[in-house]
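In what follows, a single structure is set out as structure tokens and then discussed.
The values are calculated or read from the model by the stated rules, or taken from the named source; none is laboratory data. Just so we're clear, the structure is a prediction, and the values are computed from it rather than from any experiment. Virtual Cβ from ideal backbone geometry, glycine too; neighbours counted across all protein chains shown.
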Amino acid sequence: MVRITGSPQMRQRVWLADRAEPLVADVVVLALGHLDTVLAPEQQELADYADAHGLTYLPPDYTADTDLSVVPAGEDVVVRGMGLAFIDLAVLLGEGRGGRFVRVGGTLHYLRSGREPRLHVGSRRGTPYHSKTGYRLQGAPPEPPRFFLASELLKRPGDVDFRWHAWPLMAKEVAYGHYRELFTAHRSRVRRSWEEFSARFAELDWYSDDMRALEREAVPAAADRVDFELLDRPIDGLAFSSSDGFQEFLRAHTAADLARRSDPTHSADLGAFLSLLGVYGQFSILSASGRLRGDTGWWHGFFSSIASGPPPDRLEELLALSRAGVVRFLGADTWVRAEEGVFLAGSRSVPSHVVRATGLIEARLPVHTLTHTADPLLRSLSAAGDVSDVDGMVRVDPSDSRIVDATGTPHARRFAVGPYTTNKAYAAFARPNTNAPNFRQSDAVARAVLRFLAAAAADGADDESAA
């Protein structure tokens, strides 16, 4: 699909790349999914540098679609990003090149094929995403959001600031889910009843001294308390004198996280996860309103690190790859510079250690924006003023996902759904019996389409000559 023409009063003409004549439709719904982008200026500079010096550079991409044959065996390659894209990359460049995992005495080992590169991986956080949990709730069932409600925030006039207005309520909501499971499933580890604790909890601001005092008094073990800053930056402030020492530390850190996510005595983490899903749905509504300001993508990255990590076996494989020397961890606040004919990389975690690499891979999905889209249809609509841009996303009406043009007017016959829109709601985190945001959004679009078609039928046939 490369072009759509037709006013809101006319049937739409849909032009395809391989057809001379357009398709004719009463309504068009764009469900384009994740889209490719053109290289950002920084990425183009790195690509040009790699070409000039005979290096390898792979920009952000969908890992399964990337041609990894260009990554040479035995070479040092820097990888930026430690999320699921990196996990997929490690699998494809390890086991995908003939390596094998074997278990000896309960420990997983990796046997090299000899065709693997050496991957030096780092990120802002410097640690892999948390493992998926391997247990069920043992206490009270999850509840709908109580503190973070988009409808309540949107009652306030003006913009909604993420850090001041939204995040403290989001944090309180997630912590509430954590503590509900802790207090109702693990009574021996708390000093108050859930009824007493939750009543006081509801009265306090999340970032207040009184809230911290309540947690310390009611939850003796620090490991049972919620610390979002530590979750976000778990190795902040730590510095190691050698890279080998840091490898040992991060393997132990990852193994401890893996063990915790497999141990039902820590089921409060699952309580927090389920509350995260509720918060995610409310956040989608708030974001779609167009009034949210100040979220630079941190929330989605934080959410993904907690709620969208790899299954436990993949983290166990990552540890085996690390012990085999195929993967080496760079640390937090990883930096990369294109200098001296190579890619140089290091981090705050090991200040004295600098890697000289012949390759650089961006292990993350491309960030789609309307201004950098590679999609020919969106480029055509943008050039014609038939779509408008809000923080890089295609603006749609939050009530029914109609496409909003450059004048701020929703088009009666055009709808758009998906992650490239302001009304994005991911289906990946839907759970049974939760009426997930993605399904509610799809229902709203379907109803709007049916209402429009019914009204059009009642008014008589469209004016074909006007098209």
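Some points to look at:
- Between Glu195, Glu173, the distinction of being of a type in the set (D, E, K, R) and either outside any helix (DSSP H, G or I) or in contact with a Pro (Cβ under 6 Å, 6 or more places away or on another chain) (or both) belongs to Glu173 only.
- Screening Gly81, Gly74, Gly33 for residues that are in the same structural domain as Glu116 (by TED's automatic domain parsing), touching a Pro at 6+ places or on another chain (Cβ under 8 Å) and touching a residue at least 40 places away in the same chain (Cβ under 8 Å) leaves exactly one candidate, Gly74.
- When each of Ala252, Ala213, Ala272 is tested for being surrounded by 21 or more Cβ atoms within 10 Å (Cβ to Cβ) and either part of a helix (DSSP H, G or I) or among the aliphatic types (A, V, I, L, M) (or both), the lone residue that passes is Ala272.
- Within the stretch 380-390, the set of residues being free of Cβ contacts under 8 Å to residues at least 24 places away in the same chain, surrounded by fewer than 18 Cβ atoms within 10 Å (Cβ to Cβ) and not in a strand (DSSP E or B) comprises Ala383, Ala384, Gly385.
- Restricting the stretch 51-89 to residues that are over 28 Å from the mean Cα position of the chain (by Cα) and among the hydrophobic types (A, V, I, L, M, F, W, C) leaves a set whose member that is surrounded by the most Cβ atoms within 10 Å (Cβ to Cβ) is Leu55.
- Looking only at residues in the stretch 317-346 that are small (Gly, Ala, Ser) and more than 14 Å from Met82 (Cα to Cα), the one that is surrounded by the most Cβ atoms within 10 Å (Cβ to Cβ) is Ala345.
- Residues in the stretch 258-269 that are in contact (Cβ under 8 Å) with a residue 12 or more places away in the chain and of a type in the set (Gly, Ala, Ser) were compared, and the one that is surrounded by the most Cβ atoms within 10 Å (Cβ to Cβ) is Ala268.
- In the stretch 293-308 there is no residue matching the filter, namely being at pLDDT below 90, in contact with a Pro (Cβ under 6 Å, 6 or more places away or on another chain), part of a helix (DSSP H, G or I) and under 21 Å from Thr422 (Cα atoms).
- Positions within the stretch 71-126 being of a type in the set (Lys, Arg), assigned to a strand (DSSP E or B) and over 26 Å from Ile235 (Cβ atoms), in sequence order: Arg100, Arg103
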